[in-house]
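Chemist: I have a structure I would like to understand better, so I am pasting it below and will then ask my questions one at a time.
The values are calculated or read from the model by the stated rules, or taken from the named source; none is laboratory data. The structure presented is a predicted model; accordingly, all values stated were derived computationally and were not measured. Reconstructed Cβ throughout: ideal geometry from the backbone, glycine too, with neighbour counts over all protein chains shown.
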Amino acid sequence: MTPLPVGSVIGILGDGQLGRMLASEAARLGFDVVVFGQDEDSPARRVASHSIVAEYTDRDALAELSVRCDLITLEFENVPVEALQILEDMGATVCPGQTSLKICQDRHLEKSFSREAGVMTADYHVVNSVDDAVVAFEALGGNGILKTRRDGYDGHGQRRLKPEDSPVQAFEDLREAPCVFEALVPFAGEMSVIVARRADGEMATFEPAENIHKNGILHISRAPSRYAEETKQAAIGAAKKLAEALGHVGVMACEFFVLESGEILLNEIAPRVHNSGHWTPEACITGQFEQHIRAIAGWPLGSTDRLMDVEMENLLGDDVMTAYGSAGPGDMITLYGKREMRAGRKMGHIVKRL
């Protein structure tokens, strides 16, 4: 791949906070950005040089995006695969491509793909019917998490079950959407690895971060983590193996459960920049957003050396109203430009030097 020249135009499918931060970094590196999304007043739209507001499968709008841009990327995994197919049929270059998107949109495909690549996951069963739900429930002893195969995030689209619960009721609560029923994992903690890969196969990873969730939403990511070096290296190796198997181009995140033994199990893959990597712009020579732009543009990947110990904390709902008043002199705050505060909604984050 010939490196993308400065002054080129990068399109971003998706217009939320990740798109906003990607657009800002792309602009800093000398690129113009066109944001494509469905929100008339989105966070990303307000920092881009141009925006297109349309449904993701609107062919005329995608044609405009294709003509305006030299390269197109995405900020989240719920963009329809059909949109990428339409763009590629029009001759557009899209990074990452359809394979990463298709696999990571479906929990069953993701888990089976991971296992085939040699990265283990928790035991699970596919649930497509009430009968499947009962069979899976009994097979795992009634302990597990029923999750929709698609569109789940931040704790949405899932139900945790105990032996006294009804798998039928849980399946009906999830509107009988195709699901997986995962065995509960007796993990000691959680960790994620942010990996970047160029089209030529060059890869770079950030130090694994320790993650703490609250109510199904990431609360804190901390680097360095408390895990043994052997565990960290196993996670880095697994993330690289998955990025290579996907042929992924750009940044992606792999979230792992860490068992008491130090072994790891993949929880999920996000084919994009990720919340658990929000500490990297302040703490590393190259942050995840710049690294993504470098990777898709075919530029040399930047150094991921960490310069300080840090903790990233999400700001949800009205947390942003008190963030500046409670922040210390060395704390670094990023707000996402969202107009409406709602309980549990990610409004920003704060990076604290430890």
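Chemist: Could you check region 249-272 and list, in sequence order, the residues that are buried (at least 24 other Cβ atoms within 10 Å of the Cβ) and touching a Gly at 6+ places or on another chain (Cβ under 8 Å)?
Modeler: Result: V249, V251, V258, P271, R272.
Chemist: Is it the case, given these coordinates, that M308 is of a type outside the set (D, E, K, R) and modelled with pLDDT under 95? Spell out the reasoning first.
Modeler: On the way: of a type outside the set (D, E, K, R): yes; modelled with pLDDT under 95: no.
Here the answer is no, as M308 does not meet what is asked.
Chemist: Looking at (1) under 30 Å from Y124 (Cα atoms); (2) assigned to a strand (DSSP E or B); (3) among the hydrophobic types (A, V, I, L, M, F, W, C); (4) in contact with a Phe, Trp or Tyr (Cβ under 8 Å, 6 or more places away or on another chain), which is the one condition that is false for V273?
Modeler: Failed condition: (2).
Chemist: Has region 22-33 got at least one residue that is farther than 26 Å from I285 by Cα and surrounded by 15 or more Cβ atoms within 10 Å (Cβ to Cβ)? Walk me through how you get there before you give the answer.
Modeler: Initial filter on region 22-33 (farther than 26 Å from I285 by Cα): none.
Taking every residue of region 22-33 in turn, none turns out to be farther than 26 Å from I285 by Cα and surrounded by 15 or more Cβ atoms within 10 Å (Cβ to Cβ).
Chemist: Restricting to region 170-189, name every residue that is charged (D, E, K, R), at negative phi and out of contact with any helix residue (DSSP H, G or I) (no Cβ under 9 Å at 6 or more places or on another chain). Give the derivation first.
Modeler: Within region 170-189, the first condition is being charged (D, E, K, R), and the residues that meet it are 172-173, 175-176, 182.
Then drop every residue that is not at negative phi, which leaves 172-173, 182.
Passing the criteria: only D173.
Chemist: Continuing with the same structure: Only one of these is touching a residue at least 12 places away in the same chain (Cβ under 8 Å), surrounded by 20 or more Cβ atoms within 10 Å (Cβ to Cβ) and under 22 Å from the mean Cα position of the chain (by Cα): P43, P80. Name it.
Modeler: Numbers: P80 fails: surrounded by 20 or more Cβ atoms within 10 Å (Cβ to Cβ).
Only one candidate passes the filter, namely P43.
Chemist: Another question, then. In the list S66, S51, S8, S24, which residue meets the criterion of being over 28 Å from D200 (Cβ atoms) and hydroxyl-bearing (S, T, Y)?
Modeler: On the way: S66 fails: over 28 Å from D200 (Cβ atoms); S8 fails: over 28 Å from D200 (Cβ atoms); S24 fails: over 28 Å from D200 (Cβ atoms).
Of the residues listed, the single one that is over 28 Å from D200 (Cβ atoms) and hydroxyl-bearing (S, T, Y) is S51.
Chemist: Another question about this same structure. Give the number of residues within region 316-353 that are modelled with pLDDT of 90 or more and polar (S, T, N, Q).
Modeler: Qualifying residue count, region 316-353: 1.
Chemist: So K214 passes all but one of these: (1) within 26 Å of D132 (Cα to Cα); (2) in the same structural domain as T286 (by TED's automatic domain parsing). Which condition number does it fail?
Modeler: In the conditions (1) within 26 Å of D132 (Cα to Cα); (2) in the same structural domain as T286 (by TED's automatic domain parsing), K214 misses (1) alone.
Chemist: Kindly evaluate V53 against the criterion of being at pLDDT 95 or above, over 26 Å from D151 (Cα atoms), surrounded by fewer than 20 Cβ atoms within 10 Å (Cβ to Cβ) and not assigned by TED's automatic domain parsing to the domain that holds R339.
Modeler: no
Chemist: Just checking, does region 173-185 include any residue being assigned to a strand (DSSP E or B), at pLDDT 95 or above and under 19 Å from the mean Cα position of the chain (by Cα)?
Modeler: No - not one qualifying residue is present in region 173-185.
Residues checked against (1) at pLDDT 95 or above; (2) in contact with a Phe, Trp or Tyr (Cβ under 7 Å, 6 or more places away or on another chain); (3) closer than 29 Å to N143 by Cβ; (4) not aliphatic (A, V, I, L, M):
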position	(1), (2), (3), (4)
K214	no, no, yes, yes
E244	yes, no, no, yes
G247	yes, no, no, yes
H278	yes, no, no, yes
A283	yes, no, no, no
